[in-house]
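Everything below concerns the one structure shown next.
The values are calculated or read from the model by the stated rules, or taken from the named source; none is laboratory data. For clarity, every value in this text was computed on a predicted model and none was experimentally measured. Please note: Cβ atoms are built from the backbone with ideal geometry, for glycine as well, and neighbour counts cover all protein chains shown.
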Amino acid sequence: MKTLIVCSVLLLVCAANLQAQFSDEFNEDALESGWSWLRESPSNWRLGGGALTIWTETGALNGRTFNNVRNMLLQPLSDQQNFKMDTELRFEPYWTLRNAGLVYYIDDDNYIRVSRGIHDGHNDIWMEWEIDGVTYFDYADAPVGTLEDPLLDFRLRLTREGGNQFSASYQIDLGSAGWTSWNSFATETIAFPSTEPRIGLQAANGDGMVATTSPEQANFNYFRYNVGTAVRPLREAAVAFSVVAAHPSPSSAGSVLTMIVTTDRAAALQWRMTDILGREVIAPQSMGYREQGTHNIAVPTSALPPGVYLWQIAAGNARATKRILLTR
């Protein structure tokens, strides 16, 4: 039997002189529509507590040697004109080469990052960009505290104005003194290849002999952008999907189950499993942003004893639950 979940239609009316906007406040059980992971490492990111957490892993972008940053969260930016994107970040890099922040990404050799991190002796905020594998840095000389007594909360911004002019700025939470004003520290004219860019978030340890392999949490409280083009009133289509119960059913503990999910439009898919009391037995697993259609999802149960479980799937803002019986 199929379960059909339909989200209510959300009507967003925008005046013609407003800018197209997007916001993910990371306070739901799933990412907003539009995101996709590049080199996803599912066990090293999660949503919870009103934030997206990415644990840094070995990986770098600058230069041509590595190009292996994991868990870059991206979405398309079809408009090539003016835009502004922001994030709020809690992060303590501590170790050289660790960094986290915004990314404007064409490919591994053509990008911009606005990061909080440590690089080449700079414990700082910076704008880093790369053209055809050649890397450049503008450092902010920001008051980030010391390694022993660091400031932890930052807002980072990247804007594009006047064609190829990119600017980076930041705010820092000074505790009882509140947030600083926006500090603009870099403006560069950069001619990228004409390939359509993606924008989003990243966190990494860096790579090479001096990089650490130990993870550090980068907690992103939100991601927002607007595009400098007028938009007409727009309507968000209803999300609908169906789930076919696991097969084989009942299943023996230790087997791999197959769940069949059909979506009526593209959506971010994520699933998890709990026991009958609601205790999580398999942590949330992201399937990334999937196109409209039917998707077979493999659910391994090797770590679970016989019993009754609840398999929960989210597609966009829609939810469904299926009961699973594991036998000996």
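Of the residues making up region 251-279, those that are more than 23 Å from R328 (Cβ to Cβ) and assigned to a strand (DSSP E or B) are I260, V261, T262, T263, A267, A268, L269, Q270, W271, R272. Residues that are farther than 19 Å from I199 by Cα, surrounded by 18 or more Cβ atoms within 10 Å (Cβ to Cβ) and in contact with an Asp or Glu (Cβ under 8 Å, 6 or more places away or on another chain) do not occur anywhere in region 132-139. Among the residues of region 255-282, just one is closer than 14 Å to W311 by Cβ, without any contact (Cβ under 8 Å) to a residue 24 or more places away in the chain and hydrophobic (A, V, I, L, M, F, W, C), namely I282. On the stretch given as region 168-205, residues that are under 21 Å from A140 (Cα atoms) and either modelled with pLDDT under 90 or not in a strand (DSSP E or B) (or both) total 9. Taking residues in region 119-132 that are over 19 Å from A191 (Cα atoms), and partners anywhere that are small (G, A, S) and surrounded by fewer than 19 Cβ atoms within 10 Å (Cβ to Cβ), the pairs with Cβ atoms closer than 9 Å and at least 6 places apart or on different chains are N123/G145.
Among the listed residues L152, L156, L174, L102, which satisfies the condition of being free of Cβ contacts under 8 Å to residues at least 24 places away in the same chain and closer than 19 Å to N221 by Cβ? Please lay out each step first, then the result.
Values: L152 fails: free of Cβ contacts under 8 Å to residues at least 24 places away in the same chain; L156 fails: free of Cβ contacts under 8 Å to residues at least 24 places away in the same chain; L102 fails: free of Cβ contacts under 8 Å to residues at least 24 places away in the same chain.
Just one listed residue meets the conditions, L174.
The set of residues in region 144-197 being acidic (D, E) and under 26 Å from the mean Cα position of the chain (by Cα) consists of D153, E161, D173, E188, E196.
Residue pairs whose Cβ atoms lie under 8 Å apart, sitting 6 or more positions apart in sequence or on different chains, and linking a residue in region 45-70 that is in the same structural domain as E128 (by TED's automatic domain parsing) to a partner that is at pLDDT below 90 and of a type in the set (S, T, Y), are W45/S286. Mind counting the residues in region 280-297 that are hydrophobic (A, V, I, L, M, F, W, C) and either under 16 Å from A253 (Cβ atoms) or in a loop (DSSP other than H, G, I, E, B) (or both)? Matching residues across region 280-297 total 2. On the basis of being modelled with pLDDT under 80 and surrounded by 15 or more Cβ atoms within 10 Å (Cβ to Cβ), does A218 make the cut? No.
Of the residues making up region 304-328, just one is more than 23 Å from the chain's Cα centre (by Cα), part of a loop (DSSP other than H, G, I, E, B) and at pLDDT below 85, namely R328.
Selection of region 103-131 for residues being surrounded by 19 or more Cβ atoms within 10 Å (Cβ to Cβ), β-branched (V, I, T) and under 17 Å from the mean Cα position of the chain (by Cα) yields V103, I112, V114.
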